[in-house]
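First up is the structure itself, then whatever we jot down about it.
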Amino acid sequence: MSSDKKEIKVRAVMIIEVLGRPPEHLMETLEDFAKKIGEEKGIKVVDKRIMEPNLVKDQKDLYTTFMEIEVETESPMHLAGLVFRYMPAHVEVISPENMVLNNSAFSEILSEVVRRLHRYDDIVRVLNMQYTTLQNKLKEYEGKPTEQKIQEDKKEEIKEVKKEKKNSKKKKD
């Protein structure tokens, strides 16, 4: 930012949850997250607490745990970036109590939100297409008609009905 704009430092606490196995891996993963967060430009880790993993209810070897990490960021945009990259389960802004953002800073944050949403939407579209392709391949393997085959058959049926109507109309004339 230029020198005429005052940076708004933001202090926040984030809770980052993980699920998996073995429990030691969860602890290492959260330690790695904390290290990566601390290495990010414009971010300072103030404090962190990693809880011991707990067995997930009704599971034999699946564990969950979380980290509470307090950070100080150089700007609200830095905090927004952290939220997008690490997808915390919870974020609480500790300070400042009141924040005034100029329209440029607010626009930057909203643009990042929109950019991420479009990216996720693209990913979901690709995954849906891949899912449909896999379903069709499975149906072909099982000898069942695919959605594409069903649609083609319906189009062919419609053509036949139209052709029959046309022929019957010609016979009447």
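A compact table of results
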read-out: Distance in nm between pseudo-label sites at Glu70 and Ser107 (7 Å out along the Cβ direction from Cα); value: 3.6
read-out: Karplus 3J(HN,Hα) series, Hz, for segment 51-56 with 6.51 cos²θ - 1.76 cosθ + 1.60 (x for Gly, Pro); value: 8, 5, x, 10, 5, 6
read-out: Full-extension gain in nm, Phe84 to Thr132, via 0.36 nm per residue minus C-alpha separation; value: 14.4 nm
read-out: Segment 101-153: projected area of the alpha-carbon convex hull, averaged over directions, in nm²; value: 4.8
read-out: Simple Cβ-charge dipole of the chain, Lys/Arg +1 and Asp/Glu -1, about Cα centre, in debye nearest 20; value: 1840
read-out: Qualifying chymotrypsin sites (Phe, Trp or Tyr not before Pro) in segment 1-94, DSSP loop, other Cβ atoms within 10 Å at most 16; value: none
read-out: Acute angle (nearest 10 degrees) that the helix 23-39 long axis makes with the longest principal axis of the chain, alpha-carbon atoms; value: 70
read-out: Tilt relative to the chain, helix 103-142 - C-alpha long axis, 0 to 90 degrees, to 10; value: 40
read-out: Length released on extending from Leu117 to Val100, taking residue separation times 0.36 nm less the Cα-Cα span; value: 3.6 nm
read-out: Over 23 Å between alpha carbons, listed pairs Lys9/Lys48; Lys60/Lys139; Lys144/Lys166; value: Lys60/Lys139; Lys144/Lys166
read-out: R0 of 22 Å, Cβ-Cβ distance Glu52-Val93: FRET efficiency to nearest 0.05; value: 0.20
read-out: The chain, relative contact order [Cα under 8 Å, separation at least 6], %; value: 24
read-out: Viscosity 0.692 mPa s, temperature 37 °C, Stokes-Einstein D of segment 6-47 from Kirkwood C-alpha radius, µm²/s; value: 273
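Taken together, the values in this text are just the output of simple stated rules run on the coordinates, not laboratory data. Just so it is clear, the model here is predicted, and its values are computed rather than measured. Positions of Cβ are generated from backbone atoms using ideal geometry, with glycine treated the same way; all protein chains shown enter the neighbour counts.
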